Each structure stands twice: as structure tokens, then as C-alpha cells.
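First up is the structure itself, then whatever we jot down about it.
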Amino acid sequence: QVQLVESGGGLVQAGGSLRLSCAASGRTLDNYAMGWFRQAPGKEREFVAVITGSGRSTAYADSVKGRFTISRDNAKNTVYLQMNILNPEDTAVYYCAAGNYALAYREADFGSWGQGTQVTVSS
């Protein structure tokens, strides 16, 4: 089992940017697809982005495509989510997750989860 810890959340004004980090311990991330999910108040958790173990392929939810970028540094055992042009609808707790299926987007495909980091976007 890999342990994941997210950081980088906070309060930002609409139009601003944040970069989230997800640090892993327990195992190296090279063999894992890594995903970001988010859960807004009163809503179900939803897929945001995923990156393959090599980092060569990525996929995004339509709602963040063109604004968010997922990346990874396997040497640092860390995954990132660069979020630009944030809007209040992006307000949520953001979770990173590790899974065994390339470009997976379902929660069930990810076996390890972090505790989440809060992102709040003010209008």
C-alpha cells in the first residue's frame, strides 16, 4: 500500500492559480497511474485528471481541460496538479489517488487515497 499526502490547497480569488502536490511514501510511484479527484460540498466525488506511470499520457475531465495540468516527478515520488483560471465551481476538497490501471477515471480503479486538501475559490 502506498501512502499519499496532499498539500498546496488554500484560498484563492477567481482567475488565480494554485499548484497541488501529492507526496507518496511506502512505495515508489513509477508503476502507478495517479489521479486527482475532488468533492464539492453536497456533491459526490468526481474525477479531475489522471496520468500514467511513465507520465507520457494524461486525461482530464471536460470541466478542467485547458485549465488544469497534471504532472509527476517519479524521482521525487510526487504528483502535481497545476490549476489555472480557477473559478468558484472549482471549490472542493482535492484528493490524489494511486491505481493500477492506465488512464483510469473511476474511483474503484484507485486503491490508495490521500486525506485531501481544501481548495476554496472566492468570486
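The values are calculated or read from the model by the stated rules, or taken from the named source; none is laboratory data. Nothing here was measured: the structure is a model prediction, and the numbers come from that model. Cβ placement follows ideal geometry from the backbone for every residue including glycine, while neighbour counts extend to all protein chains displayed. In case anyone asks, the SASA skips ligands and DNA or RNA and just uses the protein heavy atoms, side chains included. Shrake-Rupley method; radii C 1.70, N 1.55, O 1.52, S 1.80 Å.
With the full set of protein chains in place, find how many percent of the accessible area of the range 1-48 is carbon and sulfur; take the probe as 1.4 Å. Whole-percent figure for carbon plus sulfur exposure: 44. With protein chains left intact and a 1.4 Å probe, residues in the chain average 51 Å² of accessible area per residue. Net length available on complete extension from Arg27 to Leu103 is 25.4 nm, with 0.36 nm assigned per residue and the Cα-Cα distance removed. Here the convex hull built on the C-alpha positions of the range 56-97 has a volume of 88 cubic angstrom per residue.
Here the range 1-51 and the range 75-91 have alpha carbon centers that stand 7 Å from each other. Using a 1.4 Å probe over the heavy atoms of the protein chains, calculate the carbon and sulfur portion of the accessible area of the range 65-106 as a whole percent. After summing per-atom areas, the C and S share lands at 51 percent. The slack in the chain from Ser57 to Arg19, taken as 0.36 nm per residue of separation less the alpha-carbon distance, amounts to 11.7 nm. Summing charges over neighbours of Ser63, with a neighbour being any other residue whose Cβ is under 13 Å away from its Cβ, gives 0 when K and R count +1 and D and E count -1. With a cut-off of 20 Å, note down the residues of the range 90-106 whose backbone N falls inside the zone around a label point 7 Å from the Cα of Ser122 toward its beta carbon. Residues 90-94 qualify, since their backbone N sits under 20 Å from the label point.
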